[in-house]
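One structure below.
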Amino acid sequence: MNAPLIGARIERKEDYRFLTGAGQYTDDVELPRQSYAAFVRSPHAHAVIKKISIEKAKASSGVLAIYTGEDFAAAKLGGLPCGWLITDVNGQPMKEPPHPCLAQGKVRYVGDHVAIVVAETSEQARDAAELVAVDYEVLPAVVDGSKARAKGAPQLHDIAPDNTCYVWAIGDKAACDAAFAKAAHVTKLDFINNRLIPNAIEPRSANGSYSRADDSYTLYVASQNPHVERLLMTAFVMGLPEHKVRVVSRDVGGGFGSKIYLYAEDVAVTWASKQVNRPVKWTSDRSEAFLSDAHGRDHHTVAELALDKDGKFLAMRVKTTANVGAYLSTFASCVPTILYATLLAGQYKTPVIHCEVTAVFTNTTPVDAYRGAGRPEATYVVERLVETAARELKLDPAEIRRRNFITEFPYQTPVALLYDIGDYNATMDAAQKLADVAGFSKRKEESAKKGKLRGLGYAAYIEACGIAPSAVAGALGARAGLFEAGEVRVHPTGSVTVFTGSHSHGQGHETTFAQVVADRLGMPIENVDIVHGDTSKILFGMGTYGSRSIAVGGTAIVKALDKVIAKGKKIAAHLMEAAETDVEYDRGVYTVKGTDKKKMFGEVAFAAYVPHNYPHDKLEPGLNENAFYDPLNFTFPAGTYVCEVEVDPETGVVKIEKFTAVDDFGKIINPMIVEGQVHGGLTQGIGQALTEGCQYDATGQLLTGSFMDYSIPRATDVPFYQVDTRETPCTHNPLGVKGCGEAGAIGAPAALMNAITDALGVKDMPMPATPQTVWQTLKNKKAA
Amino acid sequence: MHAFKYHRPSSVNDAAALAKGEAKLLAGGQTLVQTMKLRLASPSDIIDLGTIKDLAGIKSDGKTVTIGAMTRHADVAHSADVKKAIPALAALAGMIGDRQVRTMGTLGGSLANNDPAADYPAAVLALNATITTNKGKHEADKFFKGMFETALKPGEIITSIAFPVPKRAAYTKFKNPASRFAMVGVFVADFGTGGKDAVRVAVTGAGPVVFRQAEMEKALAAKFAPESVANIKVKQDGLNTDLHASAEYRAHLVTVMAKRAVEAALK
């Protein structure tokens, strides 16, 4: 029997492949008779298409075909669907304007798809795309979500008056208003949660191919959820049966949400591959990615916290306008509602919460889930309010949190969620110690001597991961189930291939999942391979997002393992001539109670495939089991982050001196991989707060359309993180796991902005805290 | 990228003969190639200067450092001669872009392109360098004409740049948070000679083209110390405003960077 693998820092199995350039990304797939696509995109944020002239482009060298919205309409291709129905405050369904793959008569954002050009080479496709002449009647545009409903604002969609997708609310408004009326103190903030552009290192790519031999399609695509992609594309857009479509997403270089969705390009290359009877490949360049990958965040929020004189939270009232962009992307509707407002209780016993969310259309790139998806926005609301309230009431920011922490579990929040377990004092204690909060005032004095401003800020975040119980999701409007599937295929000589519906696009599942399997089967990790990302190999899958993989996908694998082990027990009992009830199993070894008889798992597997001596009357040969797992509840990772900054008041430069993260992810399979996830999440969170901010001009042109103007954090922008964990195992999955992929991005912005506002001595300031913004904030403070 | 004809001339004269019409000279390619990849430029011909002997190299005689136009930033940054004679120039070269850019980018290419946020123009102007071309010589003060505009005539190719060695100098750069180009870069050079041009202060990144800051030069000539410039308010008129910095902020940063450059020069 091998040493336990759960909790071991095992190096990632997949890294040899990645580090030696042997990964198989979508753009690496070159098929026989490959052709290439380029898209003609709108240069205008809002315009009527009066005429598209393709003659000159069609005559261009190497061009095979050009298709426009008219061709797609004639082929009766549907629009891109939205996977979540939100019901508004009046009980009406949200407004779902058509989202055509190629524009039908009108374009609604810069980068909107107008035509697809297919040619022999990628350069020829681009050359020809430049020759497609489109006659536009340019219309005024609206880009700012808070102006979308203003009188006279340009209207994007006929079916959505006032550019309103929905007005949705959660919580008891009357009780909330009553609590505010009696409050000793009210803290109020009005801020923007800045729009972000995801920028996975691998740009999106799609390669569609059609086989006339069996009338089937294969789509290679950089996707986080190939089965969902297939379901949406076949059932809702192309009207194809699923068994005729295979979707493959083997290696994917980062997603952060942006590769969850069904995009127009994916459909277009798949459909075009049949028309030209050749495989059609498109790979986004970075400029296209800035324009066309779904963006994240973009909320305008007014938030209030009511407190009694002792700093006890009485109620929270939140009003948010969420800019969803020009069209509803696949999960756009649930991000600012279900994934946002339900998290507003945070770690606290706030008894009454009311949140109203207005989702609006604007002439901007569609907005959807981006690492954290709703939960960073919620955490920012809660943790900025709490820290500000502490300052206003002259309470220690940690103390005000402790006074309000939920300490008894399970805990039913006033915003629908049922927290199963947590220990918020434990993570707070550990974070304060690790961050040396006690020594802060001394460090602040030292900074002051150098003319620098030092500040400290906390964020005690919570997130709901492991999405989701399908029944709950369905009741809330999800148009899909949110279970996961797994299959454990034991080979005759005892090695194992595991098929998972989760998808790894950098997370290290091939190692983490293999640890779980090898541990349970008592075999070396080398004997286990994890396969993902191919609808022809994997029975089904809902994919990876919302930090759900280990909690939902991992559990599905465990359920399949349980079946394998149970069947093995019957075989072992037969082989050892014992009653099944007397056979015990522990990590790869079957024993008979009270005897020295034992059979190794490998021997049992061999017997299953070479069943000479086998209970054929009771069992089928073979050892191969699958399982579907629908979670019983969300999981609730939580933690405390402490950020310490030093600001140069002369230039406005913020230096993060220390960043401490203590997370409770439940049981941890591979601490090294978890730390990597935390580091990455924190860096993205710091990016939101310090450097990143998508900006459009008033006409809807993207001003931050490249890395020359859009600043993602670099190694020198972030400190060496101090990370640690505390553990309260999840109560409702067998591994006790909660998920760790998004925590950093959820908690970091609030901690950082709390630290910066502390350093500057201001109530609030906008994200990102660029040098200019910090300098301007200090200047305004001096002038005030 | 659109198709083009590629040339590898073996002499400056051959290169100059090819440089006509829609042809473009290729030095390190750190701007031109990116522009071509984005399809914003589509030259008919590319004339690669990389194969011309004698265009790259560094010579120092103690009074002047002469650097060939095709010398890469990394070579300037690592040159023992430059580090000894004008350490601020070596430091500046080491601050340009990233490792890849410094390995390819050239001094001549940077000057001919004259990007308003480039670093080298600040050194050339503050050190009062002389730019030699296949057609003659240019004084630094008359070379940088405007945004992406220089005194170079069509077909004129920079061959080398001669930098007088100052008594002390320093370059401080406030990087654009996104591009890491100079949002404001200040090169301060003290020749220790007294009188006119004894101290030269050149500012890059802040305006449409590199410029000298006369008020600071005068104050520093009188006394070369940080406090001489610390309270000089730079006028924001004519300075750049963009997403990352208003003209007002840039004007403020010019003073801060100048002060820090003087501090560094004195170290």
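So, counting K/R as plus one and D/E as minus one, what does the shell of residues with Cβ under 14 Å around A:E625 add up to?
On the way: positive: A:R489, A:R520, A:K559, A:K563, A:K567, A:K569, A:K570; negative: A:E487, A:D562, A:E620.
Counting the neighbours of A:E625, the net charge comes to +4.
If you count the DSSP beta bridges with both ends in chain A, what percent of them are antiparallel, to the nearest 5?
Details: 102 of 128 bridges.
That works out to approximately 80 percent antiparallel.
Tell me the label-point distance for the pair A:E603, A:V589, using the 7 Å Cα-to-Cβ offset, in nm and rounded to one decimal.
Those two pseudo-labels are separated by 1.2 nm.
Distance from a point 7 Å along Cα→Cβ of A:V138 to each backbone N in the range A:35-75: keep the residues under 11 Å and list them by number.
A:43-47
Greater than 20 Å separation of Cα atoms is the criterion. Which listed pairs, B:K173/B:K218; A:K13/A:K559; B:K59/B:K137, meet it? List each step's numbers first, then the result.
On the way: B:K173/B:K218 22 Å; A:K13/A:K559 23 Å; B:K59/B:K137 18 Å.
The answer is B:K173/B:K218; A:K13/A:K559.
Grab the other residues whose beta carbon is less than 13 angstrom from that of A:A378, score K and R as +1, D and E as -1, and report the net. Can you show the working numbers first?
On the way: positive: A:R297, A:R375, A:R384; negative: A:E377, A:E383, A:E463, A:E742.
Every neighbour counted, the sum reads -1.
How would you rank B:178-187, A:436-445, highest first, on the average number of other Cβ atoms within 10 Å across their residues? Present the calculation step by step, with values, prior to reporting the outcome.
Values: B:178-187: 25.6, A:436-445: 13.4.
Result, highest mean Cβ count within 10 Å first: B:178-187, A:436-445.
Other chains near A:123-133: what is the mean number of their Cβ atoms within 10 Å of each residue's Cβ?
On the way: counts 4, 0, 0, 3, 3, 0, 0, 2, 0, 0, 0.
Averaged over the peptide's residues, the number is 1.
Which whole number gives the average, over all residues in B:244-257, of C-beta atoms from other chains lying within 10 Å of the residue C-beta?
Working: counts 6, 5, 3, 0, 4, 8, 1, 0, 6, 6, 0, 1, 5, 2.
Mean partner-chain Cβ count within 10 Å for B:244-257: 3.
Report, in debye and to the nearest 20, how large the dipole of the range A:722-779 comes out about its Cα centre when Lys and Arg carry +1 and Asp and Glu carry -1 on their Cβ. Mind dumping the intermediate values first?
Details: 4 positive and 5 negative charges, 27 e Å.
Rounded to the nearest 20 debye, it is 120 debye.
Simple spin-label model, 7 Å along Cα-to-Cβ: A:H243 to B:F148 in nm?
5.9 nm
Which listed residue (A:Y261, A:G541, A:T493) has the Cα farthest towards the positive end of the charge dipole for the protein assembly as shown, taking +1 on Lys and Arg C-beta and -1 on Asp and Glu C-beta about the Cα centre?
A:Y261
Can you give me the Rg/Rh ratio for chain A, using Cα atoms for both radii and the Kirkwood formula for Rh? All intermediate terms of the calculation are to be shown ahead of the outcome.
Values: Rg = 27.3 Å, Rh = 27.5 Å.
So for chain A, dividing Rg by the Kirkwood Rh gives 0.99.
As a check on your grasp of the helix formula, calculate [θ] at 222 nm for chain A: sum -39500 (n - 2.57) over DSSP H runs of n ≥ 4, divide by the residue count, round to the nearest 500.
Working: 19 runs with 203 residues, N = 784.
Computed mean residue ellipticity for chain A: -8000 deg cm²/dmol.
Among A:542-552, A:510-520, how do they line up by average Cβ neighbours within 10 Å per residue, starting with the highest?
On the way: A:542-552: 28.8, A:510-520: 24.6.
Sorting A:542-552, A:510-520 by mean packing, highest first, produces A:542-552, A:510-520.
Roughly what would the spin-label model give for A:R33 and B:L40, points 7 Å off Cα along C-beta, in nm?
4.0 nm
By count of other Cβ within 10 Å, fewest leading, how are A:T234, B:T241 ordered? Could the numbers behind the result be given before it?
On the way: A:T234 19, B:T241 12.
Sorted ascending by nearby Cβ count, the order is B:T241, A:T234.
Using 0.36 nm per residue of separation minus the Cα-Cα distance, give me the extension gain between A:F720 and A:E580 in nm, one decimal. Before the final figure, lay out each step's value.
Numbers: separation 140, 0.36 × 140 = 50.40 nm, distance 5.38 nm.
Taking 0.36 nm per residue and subtracting the Cα distance, the gain is 45.0 nm.
Among B:H252, B:H78, A:H295, A:H612, what is the fewest-to-most ranking by other Cβ atoms within 10 Å?
On the way: B:H252 22, B:H78 14, A:H295 26, A:H612 5.
Lowest to highest Cβ neighbour count: A:H612, B:H78, B:H252, A:H295.
Report the net charge of residues surrounding A:K779, where surrounding means a beta-carbon distance below 12 angstrom and charges are Lys +1, Arg +1, Asp -1, Glu -1. Numbers along the way, then the final one.
Details: positive: A:K781, A:K782; negative: A:E650, B:E248.
After counting each charged neighbour, the total is 0.
Using the eigenvalues of the Cα gyration tensor, what equivalent ellipsoid semi-axes result for chain B when each is taken as the square root of five times the eigenvalue, whole Å, largest first? Don't jump to the answer; show the numbers that get you there.
Working: eigenvalues 193, 89, 47 Å².
Taking √(5λ) for each eigenvalue gives 31, 21, 15 Å, largest first.
Quick check: the distance between the Cα centres of the range A:112-160 and the range A:635-692, to the nearest angstrom?
Distance between centres, Cα-based: 38 Å.
Please work out the FRET efficiency for the pair B:K53 and B:H78, using the Cβ-Cβ distance as r and a Förster radius of 25 Å; give the result to the nearest 0.05. Before the final figure, lay out the partial values.
Details: r = 21 Å, r/R0 = 0.85.
So the FRET efficiency works out to roughly 0.75.
Say the dipole of the range A:692-747 comes from +1 at the beta carbon of Lys and Arg and -1 at that of Asp and Glu; which of A:T716, A:Y696, A:P734 then lies farthest toward its positive end?
Final value for the positive-end residue is A:P734.
For n ≥ 4 DSSP H runs only, could you compute -39500 (n - 2.57) per run for chain B, divide by its residues and tell me the 222 nm figure to the nearest 500? Walk me through the intermediate numbers first.
Working: 11 runs with 88 residues, N = 267.
Theoretical 222 nm ellipticity from helices: -9000 deg cm²/dmol.
Magnitude of the Cβ-charge dipole of the range A:394-547, K/R +1 and D/E -1, about the Cα centre, nearest 20 debye? Mind dumping the intermediate values first?
On the way: 16 positive and 17 negative charges, 210 e Å.
In debye, rounded to 20, the range A:394-547 gives about 1000.
Using a Cα-Cα cut-off of under 16 Å, which lysines could be cross-linked to A:K147, ignoring same-chain neighbours fewer than 8 residues away?
Of all the lysines, those that pass the test against A:K147 - Cα under 16 Å, at least 8 places apart if same chain - are A:K319.
Put +1 on the Cβ of each Lys and Arg and -1 on the Cβ of each Asp and Glu in the range A:166-308; which of A:N194, A:P279, A:S205 then has its Cα farthest toward the positive end of the dipole?
Value: A:P279.
Order these by the 10 Å Cβ neighbour count, fewest first: A:K618, A:K349, A:K738.
Numbers: A:K618 11, A:K349 17, A:K738 32.
The most exposed by this proxy come first: A:K618, A:K349, A:K738.
Which value, in debye to the nearest 20, gives the size of the charge dipole of chain B about its Cα centre, when Lys and Arg are +1 and Asp and Glu are -1 at the Cβ? Please list the in-between numbers first.
Details: 35 positive and 24 negative charges, 67 e Å.
Dipole of chain B, to the nearest 20 debye: 320 debye.
Membrane-span-like helices in chain A: DSSP H runs reaching 24 Å or more (Cα, own axis), mean Kyte hydropathy at least 0.0?
Values: long enough: A:375-392 (25 Å, -0.56); A:555-575 (29 Å, 0.53); A:743-760 (26 Å, 1.17).
Membrane-span-like by this criterion, though nothing is claimed about a membrane: A:555-575, A:743-760.
Within 10 Å of each Cβ in peptide A:638-650, how many partner chain Cβ atoms are there on average? Round it to a whole number, please.
Details: counts 0, 0, 0, 0, 0, 0, 0, 0, 0, 0, 1, 0, 8.
Mean shielding count: 1.
Considering only DSSP beta bridges with both partners in the range A:488-617, what is the antiparallel share in %, to the nearest 5? Before the final figure, lay out the partial values.
Working: 10 of 14 bridges.
Of all bridge pairs located within the range A:488-617, approximately 70 percent are antiparallel.
R0 = 30 Å: FRET efficiency of B:E139 with B:K63, Cβ-based, nearest 0.05? Walk me through the numbers on the way to the answer.
Values: r = 17 Å, r/R0 = 0.57.
Once rounded, the FRET efficiency stands at 0.95.
Considering only lysines 8 or more places apart in sequence, or on different chains, count the pairs in the range A:45-114 whose C-alpha atoms sit under 26 Å apart.
So the count of such lysine pairs works out to 11.
Every number here is computed from the coordinates shown, using simple stated rules; none is lab data. Quantities reported herein were computed from a predicted structural model and do not represent experimental measurements. As a convention, Cβ positions derive from the backbone with ideal geometry for all residues, glycine included, and neighbour counts pool all protein chains shown.
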